[in-house]
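Notes follow once the structure below has been shown.
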Amino acid sequence: MSDWNQQIIDEFRTNGGFVQTNGFGKGLVLLHHRGARSGTERISPVAAIRIDDEDAWLVAASKGGAPQNPGWYHNLLAHPDVEIETPDDGTVPVHATELVGSERDAGWARFLDRSAGFRSYEQRTTRTIPVLRLARRDV
């Protein structure tokens with residue numbers, strides 16, 4: 001894990017989910033996931049949008065507009081039952097589903113409305129940035 005990620009994780013946990021760095025505020029969740037091949041447990045801070053009426057969160061595999069998807073995206077496809085730490089709900093077990101077609105486009109539009117940064121990610125890459133829905137699941 002990069003030192004930057006660890007700094008964000010520490011700030012998130014110290015401040016009840018509020019991250020001042022880069023102006024993230026309460027816009028992140030900590031995604032607990034397992035390596036697709038290694039099975040190694042990892043934690044990644046990711047931008048998330050809460051969908052209250054569905055008890056779910058959207059995450060975008062933007063990787064800052066890099067040409068490839070982030071590792072956590074591949075891990076979620078291989079192991080979709082994970083947990084997230086949230087600013088308001090604590091640790092929540094969720095199931096990840098990749099959105100496709102118009103659902104993906106609608107989800108991505110929410111990220112574009114949230115921050116101009118996402119628009120710049122889209123402009124930097126030739127790939128379609130995946131959007132995943134993390135729905136609360138019973139354990």
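The values are calculated or read from the model by the stated rules, or taken from the named source; none is laboratory data. Just so we're clear, the structure is a prediction, and the values are computed from it rather than from any experiment. Reconstructed Cβ throughout: ideal geometry from the backbone, glycine too, with neighbour counts over all protein chains shown.
Tabulated results
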quantity: Subset of the stretch 1-25 (residues that are within 22 Å of R133 (Cβ to Cβ), modelled with pLDDT under 95 and either under 14 Å from the mean Cα position of the chain (by Cα) or crowded, with 17+ Cβ neighbours inside 10 Å (or both)); calculated: F24
quantity: Within the stretch 35-131, helices (runs of 4 or more DSSP H) holding 2 or more residues that are in contact with a Lys or Arg (Cβ under 9 Å, 6 or more places away or on another chain); calculated: 71-78, 101-114
quantity: Qualifying residue in the stretch 79-89 (condition: surrounded by 15 or more Cβ atoms within 10 Å (Cβ to Cβ) and without any contact (Cβ under 8 Å) to a residue 24 or more places away in the chain); calculated: yes
quantity: Any hit, the stretch 105-123, residues being within 22 Å of A36 (Cβ to Cβ) and either of a type outside the set (D, E) or in contact with a strand residue (DSSP E or B) (Cβ under 7 Å, 6 or more places away or on another chain) (or both); calculated: no
quantity: Those residues of the stretch 54-75 which are touching a residue at least 40 places away in the same chain (Cβ under 8 Å), surrounded by 16 or more Cβ atoms within 10 Å (Cβ to Cβ) and closer than 18 Å to T97 by Cβ, in sequence order; calculated: A56, W57, L58, V59, A60, A61, S62, N69, W72, Y73, N75
quantity: Filter result for I43 (of a type in the set (A, V, I, L, M), under 14 Å from R136 (Cα atoms), surrounded by 14 or more Cβ atoms within 10 Å (Cβ to Cβ) and at pLDDT 95 or above); calculated: no
